[in-house]
1. Which residues in segment 232-252 place their backbone N less than 20 Å from a point set 7 Å from the Cα of residue 178 along the Cα-to-Cβ direction?
2. For segment 177-219, report the translational diffusion coefficient in µm²/s to the nearest whole number, using Stokes-Einstein at 20 °C, 1.002 mPa s, and a Kirkwood Rh over Cα pairs.
3. For the chain, build the charge dipole from Cβ charges (+1 Lys, Arg; -1 Asp, Glu) around the Cα centre, then report which of 36, 141, 183 sits farthest towards its positive end.
4. What is the count of Lys pairs in the chain whose alpha carbons sit under 23 Å apart, if the two are 8 or more places apart or on different chains?
5. Calculate, in nm to one decimal, what residue 5 and residue 103 gain on full extension: separation in residues at 0.36 nm each, minus their alpha carbon distance.
6. About the Cα centre of segment 156-285, what is the dipole size in debye to 20, counting +1 per Lys and Arg Cβ and -1 per Asp and Glu Cβ, all else neutral?
7. When the dipole is taken about the Cα centre of segment 1-154, and only Lys, Arg (+1) and Asp, Glu (-1) are charged at their Cβ, what size is it in debye, to the nearest 20?
8. Given +1 on the Cβ of Lys and Arg, -1 on the Cβ of Asp and Glu, and no further charges, what dipole in debye does the chain carry about its Cα centre, rounded to the nearest 20?
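What follows is calculated from the coordinates using simple rules that are stated; it is not laboratory data. Computed from a predicted model, the values in this text were never measured in an experiment. Note: ideal-geometry Cβ built from the backbone for every residue, glycine included; neighbour counts use all protein chains shown.
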Amino acid sequence: MEIINRIPRMISIARELRSEKRRIGFVPTMGALHEGHLELCARAREMCDTVIASVFVNPAQFGPNEDFEKYPRDLARDAELAFTKGVDLIFAPALDDIYPEGFSTYVTVEGLGDRLEGASRPGHFRGVTTVVNKLLNIVSPHFAFFGRKDAQQVILIKRMVRDLAMDVEIVVVPIVREEDGLALSSRNVYLSADERKAALVLKRALDRCRTLYNGGERDCSKLISSMRSVIESEPLARLDYLAITDTARLDALDTIPFDQPTLISLAVFLCDTRLIDNIVLNGEI
Ligand code: PAF
């Protein structure tokens, strides 16, 4: 169990592990670990010989009025939790190692990165793909694990890996939820007791969509307006977006096709806290 802070040391460990033919699994995180992250670690543990998790709160993926400053940080707690799930090494680089003076190279997945989350959070995905690219270069994993909770992030990272012929397999792990259905998120800690109750409206809206779909409804405008009325019935909730799209281009759909995976995604504010959730119909992303 070791916490590595410096990039050259991380690279040299990764090189050694590869030369010993150990399969490296990588779980990138921004810390504030919860059961969702631990599920990624557990999955990596099952599939790999050495599991490395990173903890780095990436400023490049936060907008100017977002929660970068207040994002919860507790490396000692994160390391303890990760190690109990069988993580072998934590990589926790400093800000100026990831973004040294004069840093000027960014990775952008064009088009896909401007939709849904990208439309609400301009520049967010440029920050995500840039840091993930750099972390993958440093850690050189065989497998990297991401949660489907951030479905668009997964779609973009897969596209980046394919487009840039990166030698890593992306493993997508299902959403982990609280018993009452709230998707786990590091931002759930911001919710007051009332907002926490109100936050169940995201899952309720998605459940409504699934029920209608299972009953044969395929018209996206009807599904969207039904989900919207669920969100609007919750006084503490303010809808940011609600979308039914395909998973390849994230184009809005008129009708749910019978043979293509379809992403139903939404973002909702509970006062200042913005939460996202999704379901995928007809397959996986
Ligand atoms: O999903 C996250 O926590 C972050 O976007 C990631 C992938 C660690 C990049 O900073």
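1. Only 232-240 pass the distance filter.
2. Values: Rh = 11.6 Å.
Rounded to a whole number, D works out at 185 µm²/s.
3. After comparing all options, I get 141.
4. Summing the qualifying lysine pairs gives 11.
5. On the way: separation 98, 0.36 × 98 = 35.28 nm, distance 1.88 nm.
This chain segment gains 33.4 nm when fully extended.
6. Values: 17 positive and 21 negative charges, 30 e Å.
Computed about the Cα centre, the dipole is about 140 debye.
7. Values: 19 positive and 21 negative charges, 88 e Å.
Computed charge dipole of segment 1-154: roughly 420 debye.
8. Numbers: 36 positive and 42 negative charges, 65 e Å.
Result for the chain is approximately 320 debye, rounded to the nearest 20.
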